[in-house]
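The values are calculated or read from the model by the stated rules, or taken from the named source; none is laboratory data. Treat the numbers as computed from the prediction; the structure is a model and nothing was measured. Cβ: placed from backbone, ideal geometry, glycine included. Neighbour counts: every protein chain shown. Ligands, DNA and RNA are excluded from the accessible area calculation, which covers all protein heavy atoms including side chains. Shrake-Rupley method; radii C 1.70, N 1.55, O 1.52, S 1.80 Å.
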Amino acid sequence: MTDQRVYPRESPPDSGEHSNAKLMANSNSPSPPVSGEHQRHGRNMSQDSFASSKMSYGYGYGPNPGTYVVQIPKDQVYRVPPPENAHKFKLYTKKKAGRKGCRRCFCCIFAGILILAALLAVTGAVLYLVYKPKAPSYSIESVHVKGVNLSTIATSSTITPVFNVTLKSTNNNGKIGIYYEQGSLIKIYHDGLNLCNGKLPAFYQPPKSSTVFSTKLTGAGIVLSESARDKLLTQQKNGKVPLDINVKVPVKIKIGSIKTWTINIEVSCGVTVNALATNSKVVSKKCKVNAKPW
């Protein structure tokens, strides 16, 4: 590769460069004597010609001596970095490739999640349209109480009530069975006071069937205040003692041969009995069901 000296556009060509040298050489050589008038006119002409030569040839406007421009092919500028920057170029290209790989991996995972969610949504919609699932219904059939004798309870004393509750569960689905799992919980309240706790048995309920089962709930060391005792006595005399029965039970749905994940069912029942006794009768009842699939 050869170095080439480059001048601006207004710089003189090579021939002009020789002309300047020649002009300077002629100016150094002795010239024949001339008269005063001719010498005066000659000096003026030489100064004018020298100034015009400076303007025409760009004297003083060219690059400084020793300034060069090296021409390199464009493809080598982009493909072959200088040795001192080669390691930086390698690091940059590696980082760029790694970022592209991470982005590609993230996009694939995100797309897979979207596809899976879409498939689950479509499957759920198809199953819902085909089987039309319905939540089971519940009712309180009977409530019998022991350990609560209001006439003999002293003021601000503790009681140990025992409730025997009979519930009825109805599966209204024609093609769906229900598995009642372990881990259920049933509580009975009076005016916000938790009287006793218990649990439901585990069993399988086929489609279009009703199941009646009894469960025993017990309470220990329940503090009954004087106001609560007086309120219960008044309600019992009127034959209307309101109770709140809350049930939480985990179930699994069987659709054909498929058994789903655990679904939590919450039942809230408002029951009124005529007395807290072993022969008490249910006066009114109303239950609400809330199913939580997740």
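Quick rundown of the values:
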{"read-out": "Search result, residues across the range 215-231 that are crowded, with 18+ Cβ neighbours inside 10 Å and closer than 18 Å to His144 by Cβ", "value": "Leu217, Gly219, Ile222"}
{"read-out": "Options Ser151, Ser142: the member that is under 30 Å from Gly219 (Cβ atoms), surrounded by fewer than 11 Cβ atoms within 10 Å (Cβ to Cβ), of a type in the set (Gly, Ala, Ser) and more than 32 Å from the chain's Cα centre (by Cα)", "value": "Ser151"}
{"read-out": "Breaking point among (1) open to solvent by less than 10 Å² (accessible area, probe 1.4 Å); (2) free of Cβ contacts under 8 Å to residues at least 60 places away in the same chain; (3) in a strand (DSSP E or B), for Gly177", "value": "(2)"}
{"read-out": "Index of the failed condition, Leu150 passing every other in (1) out of contact with any Ser or Thr (no Cβ under 6 Å at 6 or more places or on another chain); (2) under 30 Å from Ser225 (Cα atoms); (3) at pLDDT 85 or above", "value": "(3)"}
{"read-out": "Output for the range 154-174, where each listed residue is buried (at least 16 other Cβ atoms within 10 Å of the Cβ) and over 23 Å from Glu266 (Cα atoms)", "value": "Ile159, Pro161"}
{"read-out": "Residue list for the range 232-252, filter: in contact (Cβ under 8 Å) with a residue 60 or more places away in the chain and open to solvent by less than 30 Å² (accessible area, probe 1.4 Å)", "value": "Leu232, Leu243, Ile245, Val247, Val249, Pro250, Val251"}
{"read-out": "Counted residues, the range 253-270 - those being in a strand (DSSP E or B) and either open to solvent by less than 20 Å² (accessible area, probe 1.4 Å) or among the hydroxyl-bearing types (Ser, Thr, Tyr) (or both)", "value": "6"}
{"read-out": "Set Val273, Val282, Val212: member being under 27 Å from Thr170 (Cβ atoms), open to solvent by less than 50 Å² (accessible area, probe 1.4 Å), touching a Leu at 6+ places or on another chain (Cβ under 8 Å) and not polar (S, T, N, Q)", "value": "Val273"}
{"read-out": "Every residue from the range 186-201 that is under 16 Å from Asn264 (Cα atoms) and surrounded by fewer than 14 Cβ atoms within 10 Å (Cβ to Cβ)", "value": "Pro201"}
